[in-house]
Amino acid sequence: MSAGLVYATRWESVDDVWRCKLLLDEGPSEVVFGAGETLSIKVEGGRFCTGYSRITRDYTGPDSWKERVPCPTSSKIESGSQCKACRANDAATPCARCTGGSCTAHPNVRNACERSEAYVYLAVFGDRVKAGVSQGRRVEKRWVEQGADAARRVLRGNGREVRVFEKRIQDELGALRQLKAEEKMRFTAAKELEKGLKNLEEYEEAIDHLFLSANRVREETRLFAPLYGLLAMRTRPIEFKIHDHVEISGKILGVKGPVLFVERAGATYSINLHNLVGRKISENTSGSALSQSGLGIYMRK
């Protein structure tokens, strides 16, 4: 296959089965990861801007108001996923930085946000708890794409209200704002998850005292371990670093959020898929592979 630029990672549900894939410009339009699949790829040299989001005329859904525009200059970048020009033009930037205060987004986007149904959730990663927000129809997808071990909704409101709620939970109760992919590059032990679920209950009790009952959501905690299909392991997988001209091959064990777990020569490795964004990849036809890692993928036209 010809080299294609990876511009995003995405989880999607097909017939109630979640799957993870990479989205590419040129060549195959996507790379779908499936447990047990094997294929070799090569990461080409350089890192490139993935473009920016612009406003569409459709504001009916949480993902329909924006569309991606490829970088006009195909600029090389040193870090991140955008060049300065695309980052400055990105319509999604105000929403990504929003804490519920003053809004600088496009007026139509702001109006849709304020009319929307949105939620604050608590997500468990091992023994740690993160607070986040999501539009109503994206909640489960948000949990899956982050790789949560368990999660539940705790508060409801419109898009701006839940941002205010989220910040209070983070500032006053100490819930995590984010969790780096590197911290997810291991399998969760049963004892860790047990502690994480206990911590979640304690956070929810504290939330009861902070917020009006009208905003509260009562529901059972969802467990996601069966979805990822990963077996517990005694040792932490070896982290594989993405760099120019690296060749990767092996067998997929599963994907958990942004982390791909693979097996090669009896060893297990973890790969942060976000580090492939902005990279150009092609099929590895040399027949060789680095001894430290494996990656199995299924290419789709």
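Arranged from fewest to most other beta-carbon atoms within 10 Å of their beta carbon, 121, 203 become 203, 121. Overall, the chain carries a charge dipole of about 480 debye about its Cα centre when +1 sits on the Cβ of Lys and Arg and -1 on the Cβ of Asp and Glu, all other atoms neutral.
At a Cβ-Cβ separation cutoff of 4.7 angstrom, cysteine residues of the chain with no neighbouring cysteine are 20, 86, 95, 98, 103, 113. With n ≥ 4 as the cut-off for DSSP H runs, can you work out [θ] at 222 nm for the chain, using -39500 (n - 2.57) per run divided by the number of residues, rounded to the nearest 500? -6500 deg cm²/dmol, from helical runs alone. For the chain, averaging the sequence separation of C-alpha pairs within contact (under 8 Å, six or more residues apart) and dividing by the residue count gives a relative contact order of 28 percent.
Placing +1 at every Lys and Arg Cβ and -1 at every Asp and Glu Cβ, with all other atoms neutral, what dipole size does the range 116-228 have around its Cα centre, in debye to the nearest 20?
Dipole magnitude for the range 116-228 comes out near 420 debye.
Springs join every pair of Cα atoms under 10 Å in this Gaussian network model of the chain, and among 53, 102, 74 the largest mean-square fluctuation is at 102.
Could you estimate the translational diffusion coefficient of the range 116-228 from the Stokes-Einstein equation, with Rh from the Kirkwood formula over C-alpha pairs, at 37 °C and 0.692 mPa s, in whole µm²/s?
Calculated translational D: 234 µm²/s.
Under a Gaussian network description of the chain, with springs only between Cα atoms under 10 Å, the residue in 263, 161, 194 that fluctuates furthest is 194.
With each label modelled as a point 7 angstrom along the Cα→C-beta vector, the residue 76-residue 267 pair spans 3.1 nm. Using all pairs of distinct alpha-carbon atoms, the Kirkwood hydrodynamic radius of the range 203-284 works out to 16.2 angstrom. Is any residue of the range 101-128 close enough, with backbone N under 15 Å, to a label point placed 7 angstrom from the Cα of residue 199 along the Cα-Cβ axis, and if so, which? Taking a point 7 Å out along Cα→Cβ of residue 199, the residues of the range 101-128 whose backbone N falls under 15 Å are 122-128.
For the chain, what mean projected area does the convex hull of the alpha carbons give, in nm²?
Approximately 16.1 nm², given one-decimal rounding.
Counting other Cβ atoms within 10 Å as a rough exposure proxy, the listed residues 68, 160, 153, 115 run 115, 68, 160, 153 from fewest neighbours to most. Taking other C-beta atoms within 10 angstrom as a stand-in for reagent exposure, 164, 246 fall in the order 164, 246, fewest first.
Along the axis of the charge dipole computed for the range 116-228 (Cβ charges of +1 for Lys and Arg, -1 for Asp and Glu, origin at the Cα centre), the listed residues 217, 181, 197 are led at the positive end by 181. For the chain, a Gaussian network of Cα nodes joined below 10 Å ranks 93, 235, 188 by mean-square fluctuation, and the top entry is 235.
Shape verdict for the range 10-120, please, from the Cα gyration tensor: rounded (a/c under 1.5), prolate (a/b greater than b/c) or oblate. Judged from the Cα gyration tensor, the range 10-120 comes out oblate (a/c at least 1.5, b/c at or above a/b).
Coordinate-derived values only; no laboratory data. Here the structure is a predicted model, which means the values were calculated and not measured. Here Cβ is always computed from backbone atoms with ideal geometry, including for glycine, and neighbour counts include all displayed protein chains.
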